[in-house]
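Engineer: Quick one: the structure is below, and I'll ask about it shortly.
The values are calculated or read from the model by the stated rules, or taken from the named source; none is laboratory data. Please read all numbers here as calculations on a predicted model, not as lab measurements. We place every Cβ from the backbone using ideal geometry, glycine too, and count neighbours over all the protein chains shown. Calculation scope for accessible area: heavy atoms of the full protein, side chains included, ligands and nucleic acids excluded. Shrake-Rupley method; radii C 1.70, N 1.55, O 1.52, S 1.80 Å.
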Amino acid sequence: MSTADPTRLMPQTPSKRPSWLSWLVIALGLLVFMRAASFYASQWHKQMTYSQFYQLLKNNVSSQEILEARLIEDRVEGRLKDGTTFYVYVPPQDIEMLKLLREQIPVDPAKNLQGFDVRPPQTGFLGVLIGLSPWLILFGIMWFLSRSAQGGGKLLSFGKSRARLITPEANTRVTFDDVAGIDEAKEELKEIIEFLKDPKRFQRLGGKIPKGVLLIGLPGTGKTLLAKAVAGEANVPFYSISGSDFVEMFVGVGASRVRDLFDQARRNARQGGKGAIVFIDEIDAVGRQRFAGIGGGHDEREQTLNALLVEMDGFDTQEGIILMAATNRPDVLDPALLRPGRFDRQVVISLPDLTGREAILKVHVRKIKLSKEVDLKAVARQTPGFSGADLANLANEAALLAARRNKDGVSTKELEEAIERVIAGPERKTRVLNEREKKITAFHESGHALVALLTPDTDPVHKVSIIPRGAHALGYTMQLPIEDRYTMSKTELLARMTVMMGGRAAEEIVFNEITTGAQNDIETATEMARRMVCEFGMSERLGSLTYGRRERQMFLGRDLFEDRNYSEQTAVLIDEEIRRLIDTCYQRASQLLLDYRPQLESLAQALLDKEVLDGEAVKRIAGVTTSAGSSGSATLSGDVLQPPHLKSLPESLSSSKTNSGCNKSA
């Protein structure tokens, strides 16, 4: 799947008001300021007790501690000799206190001392303002919250939809010209586009367009891009949102956002008169089956799903609103979401074939300067199992490599190296192996390559390397198919397992010792043998039966448990059959290497000298004519060399790249 320039995303209602967080910071700042002002004021304006003030007042004629004082209702305020102001509360009818105040506080006009004075309470504008200040603050907060609730702010707008509106007038809109390799999916969506362009054509005969379209495919196959292309072709508003944007901590927020999203789509559809598309990416985040899985249900997510179900089955098709969604886990979706009337059309987007990969590469290299000798069809033949995202990464890596080398264009060399970088990771030239490890790696990879040449029904050897790549791989052997294949025979599976055992067999024959380098070979071969016995019915002793049923945990997305629907005696037979298949392939690989020991030595020595050999060099050094065969998938004898989306799909054995041996660092 190809990608165009990023589509311009336009916010629906840009707000220039400060957010609620800014208001919160301002309020906290005011509280801190008032607290600090009150603290400093208390240092110079202290409160006295009645007893303290009475003692000072009795002796004030001699001590002159109190310079002046004034009585305001039941409060006496004044100034001491050290400049500190004070206040004290006195009983309203204290005759003795009034007498002392008149007698003990002197009046000295020369020193500007007023003595004792009586003043009325504060009843002016300042007093009224102080009395009303709590109510004014309360009304101000209520006014601010009401403005936020109307959409102007963000404090109460968390119930609003977070969908982004991609307008059809954008200059960088995506069309079907930017999408390649999925012609079948395009055909499925043509009817949707025709409906949005001319809805009366279908409504005239009483037809109804599907309300929901579910795009299903592996990660990186271009589900989101295809939805954008539909919006670009139909020239209608396109709302894009992720399934995780609906789910929040507060129950009911997701349901509110669902309702607001569809309200916005309805208004825009009525204004434009051409309908609208609502696209929910990764809908499995909100559409998982209700009341299932470990831990019970999830109230917020389930309320959001219920609101989505109501909106999908409730809005009128005359409005031209079409809901599109994408997921790579359709097995976890709620059945009510998939029933006819909601998501009643499902479009499966699979990995591209050879022709599709070539078309995708042509889209991605539009802005990349290629050398004249580059053959994109040959590059596509070397990338079976690649998704559109993998091919986009490949083209970008090749361009970066060419720029790093100051070349005028991207050549075949950069493209082939980019393939290896995408699959196996970059070269780790800083990882220095000692002579013994390097020799073991050379014989290990030579064992893979030689067994692949000598075994019928295997893919041709494309390259052998002992340069470390990625996290653990110390070397790898790459096999590429002649053509795309979607099924594998028992003979082809056994041949592939034989090639996997070639590395361990070479180590034992040459060094009379085995290492940890074959860990990935053994793991992959054992899994393949188990599936041959338990799933594919390829065991003579157990027959064409399926043994064991994997239970998919709805909210974990992985096969954690397996239901053993067979007896203990059958389990013993299964173990014996798996062991027999592995031992047979290992013995076959060992016998081939013993018969062609000189060729094994020559290949290993050539790898030690050059570190990298292509397929033609391997055949020339070994002097062996390879048997033409193709299993339809790239076989890489090295450490974890699969694209990430293929690691989680072990069932895609017949259409994905698999590990056929490795030399792995412990």
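Engineer: At a 1.4 Å probe, what is the % contribution of carbon and sulfur to the accessible area of the range 382-442?
Structural biologist: 46
Engineer: What accessible area, in Å² to the nearest ten, does a 1.4 Å probe give for K197?
Structural biologist: 120
Engineer: Based on the mean of other beta carbon atoms within 10 Å per residue, what is the order of 372-379, 586-593, 495-502, most packed first?
Structural biologist: 495-502, 586-593, 372-379
Engineer: Can you pick out the pairs among K200/K223; K190/K369; K186/K407; K223/K429; K407/K610; K413/K619 whose Cα atoms lie more than 31 Å from each other? Mind showing how you got there, number by number?
Structural biologist: Values: K200/K223 28 Å; K190/K369 33 Å; K186/K407 38 Å; K223/K429 37 Å; K407/K610 24 Å; K413/K619 21 Å.
Violating the 31 Å limit, Cα to Cα: K190/K369; K186/K407; K223/K429.
Engineer: So for the pair N406, S544, with labels modelled 7 Å out along Cα→Cβ, what separation do we get in nm?
Structural biologist: 6.6
Engineer: Tell me the Kirkwood radius of the range 350-418: reciprocal of the mean inverse pair distance over distinct alpha-carbon atoms, in Å.
Structural biologist: About 11.8 Å for the range 350-418.
Engineer: Given a Förster radius of 56 Å and the C-beta distance between S489 and R259 as r, what FRET efficiency does 1/(1 + (r/R0)^6) yield to the nearest 0.05?
Structural biologist: Numbers: r = 55 Å, r/R0 = 0.97.
The computed FRET efficiency comes out at 0.55.
Engineer: Which value, in debye to the nearest 20, describes the size of the charge dipole of the range 44-108 about its Cα centre when Lys and Arg Cβ atoms bear +1, Asp and Glu Cβ atoms bear -1, and nothing else is charged?
Structural biologist: Numbers: 8 positive and 10 negative charges, 18 e Å.
So the magnitude is around 80 debye.
Engineer: Kindly identify the range 186-241 as rounded, prolate or oblate by the Cα gyration tensor criterion: order the square roots of the eigenvalues as a ≥ b ≥ c, call it rounded if a/c is under 1.5, otherwise compare a/b with b/c, prolate if a/b is larger, else oblate. Can you show the working numbers first?
Structural biologist: Working: a/c = 2.44, a/b = 1.84, b/c = 1.33.
In terms of gyration-tensor shape, prolate.
Engineer: Straight-line reach from K463: which aspartates and glutamates have Cα under 17 Å away, leaving out those fewer than 8 places along the same chain?
Structural biologist: Partners found: E414, E416, E417, E420, E427, E445, D609, E611, D614, E616, D639.
Engineer: R496: net charge of surrounding residues, Cβ under 10 Å, Lys/Arg +1, Asp/Glu -1, itself excluded?
Structural biologist: Here the charged neighbours net out to -3.
Engineer: When the Cα centres of the range 201-217 and the range 317-384 are compared, how far apart do they sit, in Å?
Structural biologist: Answer, in whole Å: 20.
Engineer: Sticking with this structure for a sec: State to the nearest 20 debye the size of the charge dipole of the range 389-492 about its Cα centre, where the only charges are +1 on K and R beta carbons and -1 on D and E beta carbons.
Structural biologist: 560
Engineer: Quick check: from the Cα gyration tensor, does the range 438-482 come out rounded (a/c under 1.5), prolate or oblate?
Structural biologist: On the way: a/c = 3.18, a/b = 1.62, b/c = 1.96.
Verdict is oblate for the range 438-482.
Engineer: I need the calculated FRET efficiency for the pair T584 and D198, taking r as the beta carbon distance and R₀ as 60 Å, to the nearest 0.05.
Structural biologist: Efficiency for this residue pair is about 0.40.
Engineer: Just read off the accessible area of T546 with the full protein assembly in place, 1.4 Å probe, to the nearest 10 Å².
Structural biologist: Spelled out: T546, probe radius 1.4 Å, area about 90 Å².
Engineer: Please give the per residue accessible area of the range 393-443, computed with a probe of 1.4 Å over protein heavy atoms only, in Å².
Structural biologist: Value for the range 393-443: 54 Å² per residue.
Engineer: Can you tell me the Rg and Dmax of the range 393-436, counting just the alpha carbons, in angstroms?
Structural biologist: When restricted to Cα atoms, the range 393-436 yields Rg and Dmax of 12.5, 41 Å.
Engineer: Related question: For C585, tell me the accessible area in Å² from a 1.4 Å probe, rounded to the nearest 10.
Structural biologist: Using a 1.4 Å probe on the heavy atoms, I get roughly 0 Å².
Engineer: Now for a different question. Explain nothing, just the number: dipole magnitude of the range 296-413 about its Cα centre with +1 on each Lys and Arg Cβ and -1 on each Asp and Glu Cβ, in debye rounded to the nearest 20. Spell out each step's value before the answer.
Structural biologist: Details: 17 positive and 17 negative charges, 268 e Å.
In debye, rounded to 20, the range 296-413 gives about 1280.
Engineer: With every protein chain kept in the model, how would you rank E191, E73, E302 by accessible area, 1.4 Å probe, largest at the top?
Structural biologist: Accessible-area ranking of E191, E73, E302, largest first: E73, E191, E302.
Engineer: Something else now. Among H444, L400, L376, pick out the residue whose Cα is farthest towards the positive end of the charge dipole of the range 353-444, where Lys and Arg carry +1 and Asp and Glu carry -1 on C-beta, about the Cα centre.
Structural biologist: Result: L400.
Engineer: Right, here's the next one. What is the sum of charges, Lys and Arg at +1 and Asp and Glu at -1, for the other residues whose Cβ falls under 15 Å from the Cβ of P120? Numbers along the way, then the final one.
Structural biologist: On the way: positive: R70, R75, R119; negative: E73, D74, E77, D117.
Value of the local net charge: -1.
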